[in-house]
Amino acid sequence: MSIKLERNNTELHYDKYVNKGGMMSYLRSALPLNDPDQLYNYLKNSSVLQEANLTPEHFGIYHPVAERFKGKPEEELLSVITDLIIENENLQRNQS
């Protein structure tokens, strides 16, 4: 099966597992965040959803990072963003 939309684009069907060669199949949601076969990436980049102007979020599927921070207070999110920006600037400075 591949990605399919049904019931006037309100129902999404997709493969929960991917075979990457050999005998083993991997659960898409357990793959690394940067893997194109990871569930969110697989759906986000699918031509089926793009042609229908839909995103995984329309079906309650969020990027794992976004899912982790859903419902957090604004102050906590701002703190995380600040820490990440500082860490990123430090990494960039150390690469020079």
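The values are calculated or read from the model by the stated rules, or taken from the named source; none is laboratory data. Remember, predicted model here, so these are calculated numbers, not experimental data. Here Cβ is always computed from backbone atoms with ideal geometry, including for glycine, and neighbour counts include all displayed protein chains.
Odds and ends about this structure:
- Enumeration of residues in region 1-18 that are out of contact with any Phe, Trp or Tyr (no Cβ under 7 Å at 6 or more places or on another chain) and β-branched (Val, Ile, Thr): 10
- Unique match (being out of contact with any Gly (no Cβ under 8 Å at 6 or more places or on another chain) and loosely packed, with under 11 Cβ neighbours inside 10 Å) among 57, 87, 67: 87
- Meets criteria (part of a loop (DSSP other than H, G, I, E, B), out of contact with any Lys or Arg (no Cβ under 8 Å at 6 or more places or on another chain) and surrounded by fewer than 10 Cβ atoms within 10 Å (Cβ to Cβ)) for residue 94: no
- Restricting region 1-38 to residues that are of a type in the set (Gly, Ala, Ser) and not in a strand (DSSP E or B), the residue that is farthest from the chain's Cα centre (by Cα): 22
- Filter result for residue 41 (at pLDDT 95 or above and not in a helix (DSSP H, G or I)): no
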